[in-house]
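Okay, so here's the structure we're looking at.
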Amino acid sequence: MRFFRRSLVGLFLMALTVGLLAVGGDMIYSSLEEKWSRESTSRPARERVFSVNVIALEPTSVTPVLSSFGEVRSRRTLDLRAPVGGTVVELSPDFQEGGTVRKGQLLARIDPADAQTAVDVARTDLVEAEADLREARNALALAQDDLSAAQEQLALRERALQRQRDLKERGVGTEATVETAELAEASAKQAVLSRRQAIQQADARVSQTQTLIERRRINLTNAERLLADTEVYAAFDGRLSGVTITEGGLVANNEQLAELIDPDALEVSFRVSTAQYARLLDESGGLTQAPVTVTLDVLGTDLSFQGRLTRESAAVTAGTTGRLLFAELMDTRGLRPGDFVTVAIEEPELERVAVVPSSAVDVSGGVLVLGEDDRLENGEVIVLRRQGDDVIVRVRGLRGREIVSERSQLLGAGIKVKPLRGDRAIPEAPAMVELDQDRRAKLIAFVEANTRIPEEVRTRMLVQLGEPQVPADMVERLESRMGS
């Protein structure tokens with residue numbers, strides 16, 4: 001029984017294996033049959049040639065130009081502010097936006113009534129203090145006279161005392177008379193001491209009065225200064241900007257009235273990178289006075305102004321990079337502070353260099369050099385400057401060689417190219433051919449049957465094949481794939 005069961009299992013497994021082998025063989029045969037049914041499309045290997053623009057590397061002398069953007073500003077600018085508050089009672093006819101004023105011209109006057117009153121009060125206080133000083137000096141003179149009289153009285157008392165003592169020694173005088181003389185002498189000394197104290201008090205009063213006079217003079221000077229501050233004058237020749245007051249208006253202390261700008265002392269401030277700044281330094285590390293050309297675009301017309309570098313910023317402010325430079329402008333007719341301009345700075349001249357398009361050099365300085373049989377070779381140059389769409393390079397050992405002016409990812413060493421020389425390469429028109437009906441039908445049938453062609457490309461090719469004239473290169477490419 002066990003033998004019979006194992007025989008049945010073996011028979012079942014053998015039948016299953018045979019069935020699977022049959023299915024696999026059928027699938028393989030179907031695949032081979034489908035492959036055999038397809039037409040053979042042999043593609044002969046053919047090298048692709050690219051058309052490229054080439055330029056020759058000819059060393060020459062070039063003056064690099066550093067470009068930046070800047071803002072015109074005035075070297076002399078003064079804020080006109082109200083030193084005191086009050087009502088504006090007088091304004092100059094030129095005190096208006098854009099008004100031209102002269103040095104020392106009266107621009108505005110603020111109501112001087114309060115300031116004039118303060119001056120009168122301070123002057124009166126000074127006169128009063130001077131009168132007190134004269135009175136104190138007279139009192140000091142009287143005290144000095146009293147002291148002199150007291151000193152003379154003391155001298156008399158001292159001589160009287162000495163006489164009484166002499167009389168007592170001879171037996172003529174008495175003890176009582178001597179004591180009386182001594183008391184009189186002591187009273188005279190006390191009187192002298194009182195007079196000296198009075199002189200000291202009188203002298204102190206004179207000193208206090210002199211100090212009061214100095215204080216009153218300071219007050220008078222301050223009041224006169226405040227009175228003078230009610231008048232605003234022009235510090236230099238210039239033009240007014242930002243005028244904010246009118247006659248009869250009320251202004252506060254230190255309120256800005258306008259801004260006085262010198263239109264002839266103009267400069268331009270602009271920022272350059274640290275690397276560009278390093279190229280503008282001389283051998284000693286100082287900033288060179290390189291010539292500068294400032295260009296202002298006015299409705300499509302460029303106004304150019306000449307200048308020179310003068311100084312640089314003392315520190316780099318937070319949030320900025322590079323260096324802030326200033327250039328003094330020579331002729332400023334037509335410029336105004338606040339104009340946004342283009343700045344071009346001439347750097348020192350470079351010798352034995354070449355100027356090539358930036359598209360011809362990669363980031364590492366590599367170039368594609370035209371070699372023998374119009375095949376590309378790798379070359380290397382030293383990039384010195386980048387100016388807009390051009391690059392200034394040192395050619396090393398590539399002098400006189402031709403390089404590709406426009407690199408692409410399709411180009412590399414060993415690729416055969418068709419060099420196009422000249423400023424602009426004019427592309428040649430593709431060759432066109434006329435097809436007969438049979439040849440056209442074969443090509444259309446091949447394109448429609450080829451499932452590997454994208455739908456958009458197939459549609460475009462069918463449209464071109466339906467035209468009276470068809471591009472020759474497309475016909476050649478299709479026929480080469482058809483094997484005809």
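The values are calculated or read from the model by the stated rules, or taken from the named source; none is laboratory data. Predicted model, so just to flag it, every value in this text is computed and none were measured. Ideal geometry is used to build each Cβ from the backbone, glycine not excepted, and the neighbour counts take in all protein chains shown.
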* Structure fact -> Residues of region 159-181 being under 23 Å from Arg195 (Cβ atoms) and surrounded by 15 or more Cβ atoms within 10 Å (Cβ to Cβ), in sequence order, are Ala160, Leu161, Ala181
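Within region 381-405, can you find the residues that are under 36 Å from the mean Cα position of the chain (by Cα), surrounded by 14 or more Cβ atoms within 10 Å (Cβ to Cβ) and of a type in the set (Asp, Glu)?
Filtering region 381-405 down to residues under 36 Å from the mean Cα position of the chain (by Cα) leaves 381-395, 405.
This time we only want the ones that are surrounded by 14 or more Cβ atoms within 10 Å (Cβ to Cβ), so: 381, 383-385, 387, 390-395, 405.
Within region 381-405, just Asp390 meets the criteria.
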* Structure fact -> Taking region 265-286 and the residues there that are of a type outside the set (A, V, I, L, M) and touching an Asp or Glu at 6+ places or on another chain (Cβ under 8 Å), the one that is surrounded by the fewest Cβ atoms within 10 Å (Cβ to Cβ) would be Ser269
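Which strands (runs of 3 or more DSSP E) does region 202-304 wholly contain that include 3 or more residues that are within 30 Å of Glu328 (Cα to Cα)?
Values: elements: 231-233, 238-241, 256-261, 266-272, 291-298.
Once the strands (runs of 3 or more DSSP E) in region 202-304 are filtered for at least 3 residues that are within 30 Å of Glu328 (Cα to Cα), what remains is 238-241, 256-261, 266-272, 291-298.
Can you pull out every residue in region 159-181 that is in a helix (DSSP H, G or I) and in contact with a Lys or Arg (Cβ under 9 Å, 6 or more places away or on another chain)? Break it down stepwise before answering.
Going residue by residue through region 159-181, those that are in a helix (DSSP H, G or I) are 159-169, 175-181.
Result: Glu175, Thr177, Val178, Ala181.
Among the listed residues Ala184, Ala131, Ala204, which satisfies the condition of being of a type in the set (A, V, I, L, M), touching a helix residue (DSSP H, G or I) at 6+ places or on another chain (Cβ under 6 Å) and at pLDDT below 90?
Values: Ala131 fails: touching a helix residue (DSSP H, G or I) at 6+ places or on another chain (Cβ under 6 Å); Ala204 fails: touching a helix residue (DSSP H, G or I) at 6+ places or on another chain (Cβ under 6 Å).
Answer to the selection: Ala184.
For region 312-321, state whether one or more residues are assigned to a strand (DSSP E or B) and either surrounded by 12 or more Cβ atoms within 10 Å (Cβ to Cβ) or hydrophobic (A, V, I, L, M, F, W, C) (or both).
First, the residues of region 312-321 that are assigned to a strand (DSSP E or B): 312.
Applying the additional criterion that residues be either surrounded by 12 or more Cβ atoms within 10 Å (Cβ to Cβ) or hydrophobic (A, V, I, L, M, F, W, C) (or both) yields 312.
Within region 312-321, one or more residues are assigned to a strand (DSSP E or B) and either surrounded by 12 or more Cβ atoms within 10 Å (Cβ to Cβ) or hydrophobic (A, V, I, L, M, F, W, C) (or both).
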* If you check Ser359 against the conditions, is it under 31 Å from the mean Cα position of the chain (by Cα), among the small types (Gly, Ala, Ser) and modelled with pLDDT of 85 or more? -> yes
* To do: List every residue pair whose Cβ atoms lie under 7 Å apart, where the two residues are 6 or more positions apart in sequence or sit on different chains, the first residue falls within region 328-344 and is under 17 Å from Arg239 (Cα atoms) and touching a residue at least 12 places away in the same chain (Cβ under 8 Å), and the second residue, located anywhere, is among the aliphatic types (A, V, I, L, M) and surrounded by fewer than 17 Cβ atoms within 10 Å (Cβ to Cβ).
  => Gly334/Leu303
* Is at least one residue of region 238-251 free of Cβ contacts under 8 Å to residues at least 24 places away in the same chain and touching a helix residue (DSSP H, G or I) at 6+ places or on another chain (Cβ under 9 Å)? -> no
